[in-house]
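Read the structure below first, then the notes.
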Amino acid sequence: MTEPNAHVVEIERDGPVALISFDNPPVNAASQALRQGLDTAIRQLADDDAIEVIALYGKGRSFIAGADIREFGKPPRAPGLTEVCNTVETCAKPVISVLHGVALGGGLEVALATHARVAVDGVSLGFPEVTLGIIPGAGGTQRAPRLTGIADALDLITTGRRIGAKEAHELGLVDRVETEGTPRELALTAARDVLSGALPTRRTREIEVAADDAALEAARARIAKRQPHLFSPLKAVDAVAASRRPYAEGEATERALFAECIDSPQRAGLVHAFFAERAVGKIPEVHAHPRAVHSIGVIGGGTMGSGIATAALLAGLDVTLAERDQEALDRGTATIAKNLEGAVKRGKIDDARRDAILSKALTATTDLEAFATCDLVIEAVFEDMEVKKDLFAQLDRICRDGAVLATNTSYLDVNEIAAVTRRPGDVLGLHFFSPAHVMRLLEVVVGEKTAPEVVATGFALARKLGKVAVRAGVCDGFIGNRILAHYKKAADYLMLDGASPQQIDRAMENFGFAMGPFAVSDLAGLDIGWAARKRLAPTRPEAERYNPVADRICERGWFGRKTGKGFYVYDGEGPRPNPEVDAIIDAARAEAGITPREFSEQEIVERYMTAMISEAARVLEDGIALRPIDIDAVFLFGYGFPRHHGGPMHYADTLGAHAILNRIQEYAKEDNHFWRIPQLLEELAAQDGTFAQMNRET
Ligand code: T1G
């Protein structure tokens, strides 16, 4: 018999008790070595007459964080986790588990296969599989309903929601909760309790599941409403439904459904999204030492400034908020108080914490001199270069040596702003997305002279705020807004040529975006795009087509949701198309001599996505984004890009560079100014390459 893998799985004997521990840093993923080690250890101990009870626990941070996601899409290597769980459950001797840190996915499945479970307070349990495009595949859909009943199992398995020890106990998922002791100590104690009869054990597969057709139907209805684009949650419901059948049959159903999911493009997209969130932290400045940041200054109490201040306060930082006059300052602090109230309602903080934040951590002032002691200052005033330069000259005079000076500009030149200070190395862009205390993306904009430790400080701050930081270079709009400006034009041309704004929105919503581009513009405020178009008008090339519809809407004083009208009408009955916009569109078409034509939903998606991918390729060519995966993260965390498509670059790979090139060539026949072939795409097509390869090479 093979020995358990000595590095990953270890056996320790203590009289009649055997402890099996896992040590597979950083998170104890159930890699092939762990699976093999556990399987071998159980079989070995089952044959060992001296052993009467076996207890499993994890070394390091966790019990087991689930299957090793890096193995997905590769040929499976035996033993599979289903088989290992069955070895555990069918062992003739009692096997128990002690869960600490996280027990997720396959980790929780191993635990459910043991004969009793002890949860250490603070543990996080859950089935995140649907967030990765799959379903629990090692008996989770069969054993969870046996312990919790169908309704609660459906809730956990179809949402990926994580629960703590107390809730797991209430649901019947664990048998005991412990607040003190190391996992090893608790494993020993619990094993002895099994021997004394104080901790009963049983095989989960032997429990009967009560029928609950209403819960199954309710879950299907909830999924159709909330996750209409996702493939795996409905499969998860089917698998849970099969738990009413004899165990082996239910398990076979789960296996078949799991296999469908693991091969689906959605699984590839969702796993890519998981790794994108982690990949963006790998930057050239990774070894630079971040400066300590305990107190931050925020200039500007508008939506952005107060959102940034809220995010920092929620992360436990001291914040000084500055505005020009008392009235604006009062509005800013009121917005922060409202944001914090929202956090209380969502259960993120309690009343006492909110009061403490408002009375102790937040300082409001109209005097910039208050920034003298701040570790980092973020400017979030309106987008005017002269105003920003003036502010940075003042900050340069006021702030202490070593303080980091950041601008939240969405598109202005960070180098030009840095140049007015005597310390351009301390200056960078920290581009938050509205609402800043909710949206997870932070573009860290690195200027020509930004010092490596200042970049590292931006990333460390993002971590503290729970944000996903992406490194961006300087250009108009950085990564996200530069690409947005381009594909928004594609949407405008579609409209001018015959598609209605609602049709375009619907097409993109059916593709998976939470909102289409015109609904988003209405939400953000049409005046924002109007200001940007006016700013760029002097540099707009002659050859560029122009759609004046949004300008005409703005000229009527309709700025979208906040004024009750835009592309849609908002009058309390839910948004509906603004009938007056049709006439504006007709006039614009007539003026440009366009005879409108029909667009299929597919063509809309193709043109929109091709424009997005084209500009993204140019952003890469220009070195504005480090890697394709950084662009994916920007769109996933800042622009509501459908996670199951993995991001624009991952999606581009699913189409292939050739197909995209062909589309651009086709579209260029009608407009060769807008539809230009990015050199990078041409090179990829020539080499039959993918964006994914570029991720690996850099
Ligand atoms: N597989 C492989 N690598 C993983 C991993 C996993 N399951 N989990 C984390 N990593 C890597 C991660 O990429 C990063 O690497 C490092 O570990 C630290 O992670 C059969 C099929 C456990 C809560 O979905 O939720 O079981 O970037 O930065 O913030 O039914 O990672 O350093 O190179 O995130 O402390 C179900 C996924 C799998 C859990 C830790 N399990 N992981 O968070 O650290 S499906 C999951 C997490 C399954 C079965 C099915 C989190 C965490 P690098 P980190 P963290």
### Query
Which residue, chosen from VAL427, ASN408, SER359, occupies the Cα position most advanced towards the positive end of the dipole of region 295-472, where the dipole is computed from +1 (Lys, Arg) and -1 (Asp, Glu) charges on Cβ about the Cα centre?
SER359
### Phi to ³J(HN,Hα) by Karplus 6.51 cos²θ - 1.76 cosθ + 1.60 over region 253-265, Hz, x for Gly, Pro
4, 4, 4, 5, 5, 4, 4, 4, 5, 5, 8, 7, x
### Task
Would you mind pulling out the separation of the Cα centroids of region 501-548 and region 586-647, in Å?
11
### Message
Compute the angle between helix 81-90 and the longest alpha-carbon principal axis of the chain, please, reported from 0 to 90 degrees and rounded to the nearest 10.
### Response
30
### Query
What is the sum of charges around THR333, taking Lys and Arg as +1, Asp and Glu as -1, for the other residues whose C-beta is under 12 Å from the C-beta of THR333?
-1
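Which pairs in the list LYS345/LYS464; LYS488/LYS534; LYS389/LYS534; LYS235/LYS488 are over 26 Å apart, alpha-carbon to alpha-carbon? Don't skip to the answer; put the middle values down first.
Numbers: LYS345/LYS464 22 Å; LYS488/LYS534 16 Å; LYS389/LYS534 21 Å; LYS235/LYS488 36 Å.
Pairs exceeding the cut-off: LYS235/LYS488.
Is the chain rounded, prolate or oblate when judged by the Cα gyration tensor, a ≥ b ≥ c being the square roots of its eigenvalues, rounded requiring a/c under 1.5 and prolate requiring a/b larger than b/c? Provide the component values of the computation, followed by the final result.
Working: a/c = 2.02, a/b = 1.55, b/c = 1.30.
Prolate is the answer for the chain, as a/c is 1.5 or above and a/b outweighs b/c.
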### Message
Given a Förster distance of 45 Å, report the FRET efficiency between ASP263 and ASP355 from their Cβ-Cβ distance, rounded to the nearest 0.05.
### Response
0.30
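Does region 9-263 come out rounded, prolate or oblate, given a ≥ b ≥ c as the square roots of the eigenvalues of its C-alpha gyration tensor, rounded meaning a/c under 1.5 and, failing that, prolate meaning a/b above b/c?
Values: a/c = 1.71, a/b = 1.51, b/c = 1.13.
Cα axes put region 9-263 in the prolate bin.
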### Task
Could you pull out the trypsin sites (Lys or Arg not before Pro) across region 592-698 that fall in loop regions by DSSP (anything but H, G, I, E, B) with no more than 16 other Cβ atoms inside 10 Å?
ARG597, LYS669, ARG676
### Alpha-carbon centroids, region 436-492 and region 337-399: separation in whole Å
20
### Query
How far apart, in nm, are the 7 Å Cα→Cβ label points at GLU277 and ASP390?
4.3
### Query
Antiparallel DSSP bridges in region 295-472: what percent, to the nearest 5?
15
### Cα-based helix-to-principal-axis angle, 657-668 vs the chain, degrees rounded to 10
20
### Query
Taking only DSSP H segments of four or more residues, each worth -39500 (n - 2.57), what value at 222 nm results for the chain once the sum is divided by all its residues, to the nearest 500 deg cm²/dmol?
-14500 deg cm²/dmol
#### Entry: Modelled FRET efficiency - R0 30 Å, ASP330 with ARG440, Cβ distances, 0.05 increments
0.55
### Summary
Calc'd 3J(HN,Hα), region 477-482, phi into Karplus 6.51 cos²θ - 1.76 cosθ + 1.60 (θ = phi - 60°), Hz, glycine/Pro = x, comes to x, 6, 7, x, 5, 5
### Query
What ³J(HN,Hα) values, in whole Hz, does the Karplus curve 6.51 cos²θ - 1.76 cosθ + 1.60 give for region 582-594 when θ = phi - 60°, with x put for Gly and Pro?
4, 5, 4, 5, 4, 5, 5, 5, 4, 4, 8, x, 9
### Task
Name the residues whose placed amide hydrogens come within less than 5 Å of the amide hydrogen of VAL569, ignoring near sequence neighbours (fewer than 5 apart) on the same chain.
ARG576, ASN578
### Message
Can you list residues from other chains, or at least 5 along the same chain, whose modelled amide H is less than 5 Å from the amide H of GLY58?
### Response
PHE22, HIS100
### Query
Mean separation of Cα pairs under 8 Å and 6+ residues apart, divided by the residue count of region 295-472: what relative contact order is that in percent?
21
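With an 8 Å cut-off on Cα pairs and a minimum separation of 6 or more residues, tell me the relative contact order of the chain in percent. Let's see the in-between values first.
On the way: 1325 pairs, mean separation 62.8, N = 698.
In percent, rounded to a whole number, it is 9.
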### Task
Have a look at VAL344, ASN578, LEU391 and report the one farthest towards the positive end of the charge dipole of the chain, computed about the Cα centre with Cβ charges (Lys/Arg +1, Asp/Glu -1).
VAL344
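Fully extended, how many nm does the chain gain between ALA211 and SER600 (0.36 nm per residue separation, minus their Cα-Cα distance)?
In short, 135.6 nm is gained.
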### Task
Determine the dipole magnitude for region 295-472: charges of +1 sit on the beta-carbon of Lys and Arg, -1 on that of Asp and Glu, nothing else is charged, the reference point is the Cα centre, and the result goes in debye to the nearest 20.
780
## Note on the structure
Within region 534-557, the residues whose backbone N lies under 16 Å from a label point placed 7 Å from the Cα of ALA587 along the Cα-to-Cβ direction are 547-557
### Task
Would you kindly state how much longer the chain becomes between HIS287 and ARG576 on full extension, computed as 0.36 nm times their sequence separation minus their alpha carbon distance, in nm to one decimal?
98.8 nm
### Task
Taking the dipole about the Cα centre of region 9-263, with the C-beta of Lys and Arg at +1 and of Asp and Glu at -1, give me whichever of GLY133, VAL102, GLN32 is farthest to the positive side.
GLY133
## Note on the structure
Amide H neighbours of THR363 at under 5 Å, excluding residues fewer than 5 places away on the same chain, with H built from the backbone geometry, are VAL319, THR320, LEU321
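If you place +1 on the Cβ of every Lys and Arg, -1 on the Cβ of every Asp and Glu, and leave all else neutral, what size is the dipole of region 9-263 about its Cα centre, to the nearest 20 Debye? Display every interim value, and only then the final one.
Numbers: 29 positive and 36 negative charges, 121 e Å.
So the dipole magnitude of region 9-263 works out to roughly 580 debye.
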### Query
Applying 1/(1 + (r/R0)^6) with R0 = 22 Å to the Cβ-Cβ distance of GLN693 and GLU666, what FRET efficiency is obtained, to the nearest 0.05?
0.30
### Message
As I understand it, the value is the acute angle between the Cα axis of helix 303-314 and the longest principal axis of the Cα atoms of the chain; what does it come to in degrees, rounded to 10?
### Response
30
#### Entry: Separation of the MET515 and ARG397 label points, Cα + 7 Å toward Cβ, nm
4.1
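Relative contact order of region 9-263: what whole-number percent is it, with Cα pairs under 8 angstrom and at least 6 residues apart? Don't jump to the answer; show the numbers that get you there.
Details: 541 pairs, mean separation 49.0, N = 255.
That works out to 19 percent.
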### Task
Give, in nm to one decimal, the length gained when the segment between THR363 and ARG535 is fully stretched (0.36 nm per residue of separation minus the Cα-Cα distance).
58.4 nm
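Bear in mind that the values in this text are calculations on the coordinates, not laboratory data. Since the structure is predicted, the reported quantities are computational estimates derived from the model, not experimental observations. Neighbour counts run over all protein chains shown; Cβ positions are idealised from the backbone, glycine included.
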